[in-house]
Amino acid sequence: ILTEAQSGTLDESLEVDRTKLLDLLSKNELESAYQLLLVAMFNQFNDSMPYMFEKINDYTELLMPDGLLSEHSIIQDIVNGVEEDDWKDVQIIGWLYQFYITEKNKAVEQKLRNGGKVLESELPAKTQFFTPHWIVQYMVENSLGKLWLVNNPDSKLRDHMKYYIETDEELEKFPVIKSPEEITFLDPCAGSGHTLVYAFDLMMKIYEERMYDTKDAVIHILTKNLFGLEIDDRATALANYALSMRAMHYYPKFLRRLKISPNVFAMQNLTVDESELQDYAREIGSNLITNDLIANLELFREGKTFGSLIVPTIAGTDDILEALEQKDMSSNLFIRETHNEVLPLIKLMHFLQKEYTCSVTNPPYLGKGMNDTLKSFVKTNYPDSKADLFACFMERCLDFTVDSGLMGMINQHSWMFLSSYEKLRIKLLENHKIDTLVHLGPRAFEEIGGEVVQSVAFVLQKGK
């Protein structure tokens with residue numbers, strides 16, 4: 001972009017102070033000129049990817065390292081340190097994110113060894129691990145892929161699924177899927193979006209099979225098919241970014257032509273107090289802000305700790321949200337703050353209440369290190385699986401799944417053997433079906449060494 005500016009062939013659509021740019025170039029202040037151009041690019045991306053790029057009014061607002069253009073800069077380190085083929089793989093976003101949180105992960109692990117508890121702000125660093133790609137393939141192919149195949153026995157999708165398992169006993173019951181647009185796929189612990197990105201690729205194969213236009217397929221996948229929930233704001237932004245890059249791969253005009261944000265949402269905390277909610281109810285009307293709604297909003301006091309384990313109990317959130325979005329709160333400063341906090345929480349309720357054709361995830365692993373708030377929550381809401389968060393998510397993901405739908409997961413194998421999970425095992429065996437299970441043992445994750453942590457990947461069918 002700097003070379004283009006120097007040669008006078010800068011993209012006309014780029015909103016940059018050209019007078020200032022020319023002045024910097026004429027003085028050979030290339031570092032400042034480059035920063036000015038970068039900010040203009042970020043602002044242009046804000047239009048299509050607001051979840052990733054915030055609007056910046058002045059290039060001096062953005063803290064950048066010195067020497068961006070030198071041969072020893074961080075940019076050169078990244079360019080030289082990453083193979084060219086890796087730049088073309090959208091998984092690089094997950095690899096870089098895991099590298100980013102490595103030091104914090106080590107600090108949290110040391111804290112746990114010293115008998116400490118994991119704070120809300122430390123949960124992402126403790127619980128997020130990049131899922132190996134073949135495990136993602138296994139989980140997605142044997143859930144999403146399988147449901148498409150049982151609904152379409154003549155489908156050629158099987159040819160594209162390397163880790164699909166042919167079972168002797170096919171599903172007797174399954175959700176009827178007449179169109180790809182009817183499929184809903186959720187990752188409730190989305191991380192940087194690895195599982196959703198592969199589900200995107202598989203959905204594209206399905207749409208191609210049904211002869212959909214590429215542009216329409218991309219729109220349907222991002223608006224109707226794929227959904228994600230996550231506790232970490234940065235990981236959420238990266239997951240949405242990864243899905244947007246996947247859309248670009250199939251439809252290169254995506255960013256210019258389509259103003260679509262993927263459906264991966266970060267959990268939020270409710271910070272306004274109860275009296276402020278009551279004031280808000282009086283202003284808006286108790287027909288909309290009911291006591292039942294307030295009780296459900298209170299579930300989000302620890303939204304970033306409990307994550308998608310939260311189960312709202314109120315109906316009609318779509319109608320409530322639509323009515324509230326039409327309210328103009330611009331003239332009431334105090335009510336506006338509450339209003340702006342309530343709207344995204346009601347939107348989250350909608351996705352937390354939905355049932356999905358498939359739910360697939362690599363859940364967080366956390367047992368003894370739970371803080372008191374989290375320990376009390378899982379003891380109350382997940383008594384049969386409270387020993388570890390990954391087990392709680394086994395129950396929650398089945399809740400997320402439609403009857404006869406499929407739930408895929410990779411987690412620690414301790415739930416198969418330990419007495420603390422006996423009630424969970426009985427509940428699973430009596431009420432659901434294990435469709436496939438791959439007992440991986442140790443070292444399925446490069447980051448988790450030793451023999452202590454052993455993994456299992458599986459797909460369950462909801463219902464007997």
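Data overview
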{"read-out": "Conditions (1) touching a Lys or Arg at 6+ places or on another chain (Cβ under 8 Å); (2) over 26 Å from residue 111 (Cβ atoms); number of the one not met by residue 392", "value": "(2)"}
{"read-out": "Number of the condition not met by residue 155 [criteria: (1) farther than 27 Å from residue 363 by Cβ; (2) in contact with an Asp or Glu (Cβ under 8 Å, 6 or more places away or on another chain); (3) open to solvent by 30 Å² or more (accessible area, probe 1.4 Å)]", "value": "(3)"}
{"read-out": "Verdict on residue 368 being among the basic types (Lys, Arg), open to solvent by 20 Å² or more (accessible area, probe 1.4 Å) and modelled with pLDDT of 95 or more", "value": "no"}
{"read-out": "Of residues in the stretch 171-188 being farther than 23 Å from residue 219 by Cβ and of a type outside the set (A, V, I, L, M, F, W, C), the one surrounded by the most Cβ atoms within 10 Å (Cβ to Cβ)", "value": "188"}
{"read-out": "Residue within the stretch 444-454 that is out of contact with any strand residue (DSSP E or B) (no Cβ under 8 Å at 6 or more places or on another chain), open to solvent by 30 Å² or more (accessible area, probe 1.4 Å) and among the polar types (S, T, N, Q) present", "value": "no"}
{"read-out": "Single residue of the stretch 40-60 satisfying the filter (closer than 23 Å to residue 236 by Cβ and part of a helix (DSSP H, G or I)) that is least open to solvent (accessible area, probe 1.4 Å)", "value": "48"}
{"read-out": "Residue check for residue 110: open to solvent by 20 Å² or more (accessible area, probe 1.4 Å) and in contact (Cβ under 8 Å) with a residue 40 or more places away in the chain", "value": "no"}
{"read-out": "Filter pass, residue 126 being open to solvent by less than 40 Å² (accessible area, probe 1.4 Å), under 30 Å from residue 373 (Cα atoms) and within 24 Å of the chain's Cα centre (by Cα)", "value": "yes"}
{"read-out": "Strands (runs of 3 or more DSSP E) fully within the stretch 359-464 counting 2 or more residues that are more than 29 Å from residue 99 (Cα to Cα), over 23 Å from the mean Cα position of the chain (by Cα) and not acidic (Asp, Glu)", "value": "433-442"}
{"read-out": "Failed item, numbered, when residue 66 is tested on (1) assigned to a loop (DSSP other than H, G, I, E, B); (2) closer than 25 Å to residue 193 by Cα; (3) open to solvent by 80 Å² or more (accessible area, probe 1.4 Å)", "value": "(2)"}
{"read-out": "Meets criteria (within 23 Å of residue 230 (Cβ to Cβ), open to solvent by 60 Å² or more (accessible area, probe 1.4 Å) and outside any helix (DSSP H, G or I)) for residue 117", "value": "yes"}
{"read-out": "Residue match in the stretch 309-319 (condition: at positive phi, surrounded by fewer than 17 Cβ atoms within 10 Å (Cβ to Cβ) and not hydrophobic (A, V, I, L, M, F, W, C))", "value": "yes"}
{"read-out": "Residue match in the stretch 5-13 (condition: open to solvent by less than 80 Å² (accessible area, probe 1.4 Å) and within 19 Å of residue 63 (Cα to Cα))", "value": "no"}
{"read-out": "Restricting the stretch 328-358 to residues that are in contact (Cβ under 8 Å) with a residue 60 or more places away in the chain and more than 22 Å from the chain's Cα centre (by Cα), the residue that is most open to solvent (accessible area, probe 1.4 Å)", "value": "337"}
{"read-out": "Any hit, the stretch 36-49, residues being touching a helix residue (DSSP H, G or I) at 6+ places or on another chain (Cβ under 9 Å), of a type outside the set (A, V, I, L, M, F, W, C) and more than 30 Å from residue 262 (Cα to Cα)", "value": "no"}
{"read-out": "Lone unmet requirement of (1) over 21 Å from residue 346 (Cα atoms); (2) in contact with a strand residue (DSSP E or B) (Cβ under 7 Å, 6 or more places away or on another chain) for residue 242", "value": "(2)"}
{"read-out": "Tally of residues being aliphatic (A, V, I, L, M), more than 18 Å from residue 54 (Cα to Cα) and in contact (Cβ under 8 Å) with a residue 24 or more places away in the chain across the stretch 12-39", "value": "2"}
{"read-out": "Test: residue in the stretch 186-207 that is in contact with a Pro (Cβ under 9 Å, 6 or more places away or on another chain), outside any helix (DSSP H, G or I), within 15 Å of residue 246 (Cα to Cα) and not aromatic (Phe, Trp, Tyr)", "value": "yes"}
{"read-out": "Test: residue in the stretch 223-241 that is farther than 26 Å from residue 399 by Cα, among the aromatic types (Phe, Trp, Tyr) and over 13 Å from the mean Cα position of the chain (by Cα)", "value": "no"}
{"read-out": "Restricting the stretch 317-348 to residues that are small (Gly, Ala, Ser) and not in a helix (DSSP H, G or I), the residue that is nearest to residue 266 (Cα to Cα)", "value": "330"}
{"read-out": "Residue 416 vs. criteria among the aliphatic types (A, V, I, L, M), open to solvent by less than 30 Å² (accessible area, probe 1.4 Å) and at pLDDT 95 or above", "value": "no"}
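A quick yes/no check of all residues on (1) open to solvent by less than 10 Å² (accessible area, probe 1.4 Å); (2) touching a strand residue (DSSP E or B) at 6+ places or on another chain (Cβ under 7 Å); (3) within 15 Å of residue 89 (Cβ to Cβ):
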site	(1), (2), (3)
213	no, no, no
216	no, no, no
228	yes, yes, no
237	no, no, no
249	no, no, yes
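The values are calculated or read from the model by the stated rules, or taken from the named source; none is laboratory data. Remember, it's a predicted structure, so these values are computed and weren't measured experimentally. Neighbour counts are summed over all protein chains in view; Cβ atoms, including those assigned to glycine, are modelled from backbone coordinates with ideal geometry. Surface accessibility is based on the protein's heavy atoms, side chains included, excluding ligands, DNA and RNA. Shrake-Rupley method; radii C 1.70, N 1.55, O 1.52, S 1.80 Å.
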